[in-house]
Each structure stands twice: as structure tokens, then as C-alpha cells.
Amino acid sequence: MAIKDLQARQGNVNLTLEIVEKAAPREFEKFGKKGRVCNAKAKDDSGSITLTLWNDDVDTVNVGDKVQIENGWVSEWQGELQLGTGKFGKLTVVEKGTGKPAEAAPPKEDISEEEIL
């Protein structure tokens, strides 16, 4: 399976990807439980996709790592496909990158053109 073949609401996705970018993690609270999430940009030979990292995976994955997604789930946010492990999927680091921690990019925020001016 390749990134170019992915479609929104597709499950049972199995891919090996390289992490090329990682945003700063965000904390959240849902149903009284705290958690962390961040987005990473992942690529293969066919393209790139946003990979959503949850909780422990936030610290496990760094730029340059190759990760394997088993039984992943593709969603869509604001017209952009996003890949995650969902409830039943698994993320495994199969090859560590340079060993350096990722430089965190600032989290994406929706800013209108008017706010910038």
C-alpha cells in the first residue's frame, strides 16, 4: 500500500513511512483524562501525509525515523487526508533516524488573513 492510494474513511491501512517533520505537541483533556497529540509529516515514494501521533507515540517518534503503521485509519480534516492508528492500529519505529530529537515546528493554527494584517 502507498500514500497515493489512501482515501478518507479507509481502514486497515498498513504502511512504512519516513517522518520528515514534527510539530510541537498539544495537551488536551477529554472525559477527565489528559492526553497529548501532535502532527507529523510522513512520506513514502508516492507522496506525503499528515500522521497524527497520540500520547506515548509523541515521544517515541522523531524526524528521520521510519515507522510502520499497522491497521491504521485515514480521516480527513479541512480537505486534507490524515493518517492515525485509531482504536485498533499500531505504530512501530522500525528504524531510528539520526538519533537527534525532532525540532518542533509550531502547532498549526487557523489564522485568517485579516488577523495577520
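This table checks each residue for (1) of a type in the set (A, V, I, L, M, F, W, C); (2) in contact with a helix residue (DSSP H, G or I) (Cβ under 8 Å, 6 or more places away or on another chain).
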residue: S48; (1), (2): no, yes
residue: N55; (1), (2): no, no
residue: V58; (1), (2): yes, no
residue: K66; (1), (2): no, no
residue: E70; (1), (2): no, no
residue: E80; (1), (2): no, no
Exercise. Name the one entry in R26, R9, R36 that is surrounded by fewer than 17 Cβ atoms within 10 Å (Cβ to Cβ), out of contact with any Gly (no Cβ under 9 Å at 6 or more places or on another chain), among the basic types (K, R) and under 15 Å from S75 (Cα atoms).
Key: R9
Quiz item: For segment 59-79, does any single residue satisfy the condition of being among the polar types (S, T, N, Q), part of a strand (DSSP E or B) and under 17 Å from K96 (Cα atoms)?
Solution: yes
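Only the coordinates and a few stated rules stand behind these numbers; no lab work does. It should be emphasised that the depicted structure is a prediction, and the values quoted were computed from it without experimental measurement. In this analysis, Cβ positions are derived from the backbone assuming ideal geometry, glycine residues included, and neighbour counts consider all displayed protein chains.
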